[in-house]
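K.L.:
Take a look at this one; I'll ask things after.
The values are calculated or read from the model by the stated rules, or taken from the named source; none is laboratory data. Owing to the predicted nature of the structure, the values given are computational and were not obtained by experimental measurement. Using ideal geometry, Cβ is built from the backbone for each residue, glycine included, and neighbour counts are taken over all protein chains shown. Quick note on the areas: whole protein, heavy atoms, side chains included, nothing else; ligands and nucleic acids left out. Shrake-Rupley method; radii C 1.70, N 1.55, O 1.52, S 1.80 Å.
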Amino acid sequence: MAKIQMTTPLVEMDGDEMTRVLWKMIKDELILPFVDLKSEYYDLGLPHRDETNDQVTIDAANANKKYGVSVKCATITPNAQRMDEYNLHEMWKSPNGTIRAILDGTVFRAPIMIDPIKPVVKNWEKPITIARHAYGDVYKSTEIRVPGPGVATLNFKGDDGQEISQEIFNFEGPGVLQGQYNKDDSIRSFARSCFNYALDQKQDLWFGAKDTISKKYDHRFKDIFQEVYDSEYKEKFEAAHLTFFYSLIDDIVARVIRSKGGFIWACKNYDGDVMSDMVSTAFGSLAMMTSVLVSPEGNYEYEAAHGTVTRHYYRYLKGEATSTNPMATIFAWSGALRKRGEKDNLPDLMRFGDKLEEACLNTLNSGIMTKDLSTLATGVEVKQVNSEEFLKAIRQELEKIL
């Protein structure tokens, strides 16, 4: 069979540890035999990030702006232990955070559902996609350990000389204090990314915040979403028979639990961080989550939602067999190839992305699984395999259905 042709490169961002090992295995077993792969390669492994003073991460993000589609392997965000382990010059920032900031993107995560693993919430029938506004809030907050009695105030001094000051709390003893922020243009970009993705996926969009309590901060999110919807997306949503629904975050949570799924749930930064783990666990496993970063301009970066699987990596280095689940990384490749085909009007490449996912699901539904899933499966005879055996089984299935 002739290899499927590409016209525009993907931006390929390699990563660290066990996921880096899987990255090469996936390419060799499932991509290169079928696709004449064109990619612009960036090594985001921690040693190379250190060698380049993390310039390679910035270059990779800018390449995404140029080409529009990228696929990223999981990477290490170093802590003090990693500083010593890798003899780093600096405790480099999260590559994901750097890329999100440059692309001004929103992260969308959705579970990969298979028949043998039923959601913990019994009425969930379709995936729930979490859209996380990965900017500001508590993750960029400034904190003070209040040592004793005193008055805390919130102050703003504008470039035009305007000053605003409000008392926060009159402390009668020790405590803690936190200040956080967000920006109108970031919230607006978040809204546009969510509305665009909902149209792209043909799914309703839900959004929740606590505007009755946070009458300025959370209410600003509510107002901007409504303004953007009314002025830019209402007619498009109505034409597509889609709904944009806003409610208080606690009401949204209750509705999500009662729902059948099949929608996009937009969340502020902290809410999205927490709820994506809740949704992934309730559907089965974090290793069975797709993740895509979407910019307001319509650029896409596909990645695995999990980390670099350090424990398995050190076992692999000792020559021991590992049963690491590669599904999220495979789906990053399938999503990126399908989107590249969509942007370049290449039906064969789009079809390959679909068939690669179909081969994965057929393999899992037949009972061939990695260790993490084998303990969750019901109603099927499970054959537990290592990572290499699992990829070979997927390839056999892919060759049958292509």
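K.L.:
Could you pull out every residue, at least 5 positions away or on a different chain, whose amide H is within less than 5 Å of the one on V146? Hs are placed 1.01 Å off N in the peptide plane, and Pro or chain starts have none.
P.N.:
For V146, whose amide H was placed from the backbone, the distant partners under 5 Å are G175, V176, L177.
K.L.:
Considering only DSSP beta bridges whose two residues both sit in the chain, what percent are antiparallel, to the nearest 5? Could you put the intermediate results ahead of the total?
P.N.:
Details: 27 of 54 bridges.
Counting only bridges with both partners in the chain, antiparallel ones make up about 50 percent.
K.L.:
I need two numbers for region 188-306: Rg to one decimal and Dmax as a whole number, Cα atoms only, in Å.
P.N.:
Computed over the Cα atoms of region 188-306, radius of gyration and Dmax are 14.3, 39 Å.
K.L.:
Further question: Over 26 Å between Cα atoms, which of K66/K400; K216/K268; K202/K355; K122/K236; K234/K260; K260/K400 qualify?
P.N.:
From K66/K400; K216/K268; K202/K355; K122/K236; K234/K260; K260/K400, over 26 Å: K66/K400; K122/K236; K260/K400.
K.L.:
When the accessible area of the chain is computed with all protein chains present and a 1.4 Å probe, what percentage of it is carbon and sulfur?
P.N.:
Summing carbon and sulfur atoms, their accessible area is 49 percent of the total for the chain.
K.L.:
If amide hydrogens are placed 1.01 Å from N in the peptide plane, which non-local residues have theirs closer than 5 Å to the one on L10?
P.N.:
K38, S39, E40
K.L.:
Could you calculate the contour length gain from K66 to N365, that is, 0.36 nm times the residue separation minus the distance between their Cα atoms, to one decimal place in nm? Write down the numbers at each step before the final one.
P.N.:
Numbers: separation 299, 0.36 × 299 = 107.64 nm, distance 3.85 nm.
Value of the extension gain: 103.8 nm.
K.L.:
Rounded, prolate or oblate: which fits the chain, taking a ≥ b ≥ c as square roots of the Cα gyration tensor eigenvalues, rounded meaning a/c under 1.5, else prolate when a/b beats b/c?
P.N.:
Cα axes put the chain in the prolate bin.
K.L.:
Here's another thing I want to ask about it. Measure off 7 Å from each Cα along the Cα-to-Cβ vector at K260 and V382, then give the distance between these two points in nanometres to one decimal.
P.N.:
According to this spin-label approximation, the distance is 2.9 nm.
K.L.:
Tell me what the chain gives for mean residue ellipticity at 222 nm when only DSSP H runs of n ≥ 4 count, each as -39,500 (n - 2.57), the sum divided by the residue total, rounded to 500 deg cm²/dmol. Before the final figure, lay out each step's value.
P.N.:
On the way: 15 runs with 170 residues, N = 402.
Mean residue ellipticity at 222 nm (helix-derived): -13000 deg cm²/dmol.
K.L.:
Pulled fully out, how much extra length does the chain show between L177 and K234, if you take 0.36 nm times their separation in residues and subtract their Cα-Cα distance?
P.N.:
Between L177 and K234, full extension yields an extra 16.5 nm.
K.L.:
Ok, one more. Give the relative contact order (percent, whole number) for the chain; include only Cα pairs under 8 Å separated by 6+ residues.
P.N.:
21 percent
K.L.:
Along the Cα→Cβ direction, 7 angstrom out, place labels at N79 and Q166. What is the inter-label distance in nm?
P.N.:
The two pseudo-label positions are separated by 3.5 nm.
K.L.:
Would you mind calculating the gained length between A152 and K216 on full extension (0.36 nm times residue separation, minus the Cα-Cα distance), in nm to one decimal? Don't skip to the end; give the middle numbers.
P.N.:
On the way: separation 64, 0.36 × 64 = 23.04 nm, distance 1.87 nm.
This chain segment gains 21.2 nm when fully extended.
K.L.:
Tell me which of P174, L199, V69 sits at the most positive position along the dipole axis of the chain, charges placed on C-beta atoms (Lys, Arg +1; Asp, Glu -1).
P.N.:
Farthest along the dipole direction, towards plus: L199.
K.L.:
Round to the nearest 0.05 the FRET efficiency obtained for V274 and T375 when R0 = 25 Å and r is the Cβ-Cβ distance.
P.N.:
0.50
K.L.:
If you place +1 on the Cβ of every Lys and Arg, -1 on the Cβ of every Asp and Glu, and leave all else neutral, what size is the dipole of the chain about its Cα centre, to the nearest 20 Debye?
P.N.:
Values: 49 positive and 59 negative charges, 179 e Å.
With Lys and Arg at +1 and Asp and Glu at -1, about 860 debye.
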